Amino acid sequence: MRNIKLSNKIFDFGLNPKEMSIYAYLCSLPSENPMFEGNAVKVKQATIAQKCGIKAVQTVSKVIDTLAAKGLVIPLKRSVKQNGHKGTYIYEIKKLPTNDSFFFMDRSVFGKLVPRQMMIYLFICKSYSLQLKDSWNSYNDISAQTGMKRETIIDTISELEQLKLIRKSRRKARDNKRLYVDNHYFLILYVRGKIKKQAKKIARLYCKCNRTGSSLLKSFKFTCYNITKKKICQVSGNNFFESG
């Protein structure tokens with residue numbers, strides 16, 4: 001599966017960007033040990049560092065110890081190879097319940113973002129409304145819930161825009177059209193498969209996979225053009241903005 005489901009309660013543990021990034025990555029891994037009820041994963045710490053944008057492997061070890069102290073990760077006994085050398089680490093992941101509140105994220109972002117970018121991206125995914133296809137939070141709100149400085153959040157959101165993961169839209173005040181009051185964020189979702197000439201086919205695929213009402217197709221605006229050697233089609237409208 002391309003998307004993974006995480007609990008909204010992940011933001012209640014006061015995790016810093018590195019802890020959040022590593023925990024989300026471990027939750028995205030499939031289990032290779034059915035005996036642990038599908039929550040045990042086997043992965044190298046060097047792989048975790050590469051996928052989470054962390055330079056030093058030693059930092060990964062320290063962060064996992066912190067996650068273990070918070071009860072989110074349990075390091076298990078390492079396997080032993082035939083030559084006697086220690087094998088890959090095995091971790092039991094304590095996944096938070098997703099019965100009442102949860103959000104989806106695209107697992108393809110791992111390996112593209114550094115921890116602070118991942119923190120903001122996860123928060124936008126959490127606050128994103130599937131019905132309205134929109135996320136609206138002020139910089140102060142994001143700062144209060146992530147523990148990051150307002151200036152860092154502004155820079156990070158600009159970086160996510162440059163990476164084509166989100167799109168920011170500024171809204172004007174109702175009583176004064178010259179004044180901007182709110183920032184709205186839209187997730188850019190990537191459609192797999194061969195791009196067709198008719199953009200409506202991509203929109204129908206989006207509606208089918210994301211259970212979007214077919215009536216929304218009437219408000220969509222379709223454009224297809226080449227920006228590289230490969231054809232890239234963008235489907236945009238009042239309700240979502242998508243590239244494939």
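Of the numbered criteria (1) in contact with a His (Cβ under 6 Å, 6 or more places away or on another chain); (2) assigned by TED's automatic domain parsing to the domain that holds F11, the one T59 fails is (1).
The listed residues are G84, G111, G14, G38, and the only one of them that is at pLDDT 90 or above and out of contact with any Lys or Arg (no Cβ under 6 Å at 6 or more places or on another chain) turns out to be G14.
Residues in region 107-126 that are surrounded by fewer than 18 Cβ atoms within 10 Å (Cβ to Cβ) and in contact with a strand residue (DSSP E or B) (Cβ under 8 Å, 6 or more places away or on another chain): 2 in all. Is it the case that region 37-45 has a residue that's in a loop (DSSP other than H, G, I, E, B), farther than 17 Å from K126 by Cα and touching an Asp or Glu at 6+ places or on another chain (Cβ under 6 Å)? Within region 37-45 (the criterion being in a loop (DSSP other than H, G, I, E, B), farther than 17 Å from K126 by Cα and touching an Asp or Glu at 6+ places or on another chain (Cβ under 6 Å)), the answer is yes, since at least one residue qualifies. Among the residues of region 96-121, those that are touching a residue at least 12 places away in the same chain (Cβ under 8 Å), of a type in the set (S, T, N, Q) and over 24 Å from I153 (Cα atoms) comprise T98, S101. Of L122, L96, all but one fail to be in a loop (DSSP other than H, G, I, E, B) and of a type in the set (A, V, I, L, M, F, W, C); the exception is L96. Selection over region 80-95 of residues that are surrounded by fewer than 17 Cβ atoms within 10 Å (Cβ to Cβ) and either without any contact (Cβ under 8 Å) to a residue 24 or more places away in the chain or aliphatic (A, V, I, L, M) (or both) gives a count of 8.
Remark: I54 matches the filter, which requires a residue to be in contact (Cβ under 8 Å) with a residue 60 or more places away in the chain and not in a helix (DSSP H, G or I). Among residues of region 66-79 being within 23 Å of the chain's Cα centre (by Cα) and part of a helix (DSSP H, G or I), the one that is surrounded by the most Cβ atoms within 10 Å (Cβ to Cβ) is L67. Suppose we keep only residues that are over 15 Å from the mean Cα position of the chain (by Cα) and hydrophobic (A, V, I, L, M, F, W, C) within region 100-154. Which one would you say is farthest from L26 (Cα to Cα)? Ranking the qualifying residues of region 100-154, first place goes to L132.
The values are calculated or read from the model by the stated rules, or taken from the named source; none is laboratory data. Note that the structure is predicted; figures quoted are calculated from it, not measured. FYI the Cβ positions are ideal-geometry reconstructions off the backbone, even for glycines, and counts take in every protein chain you see.
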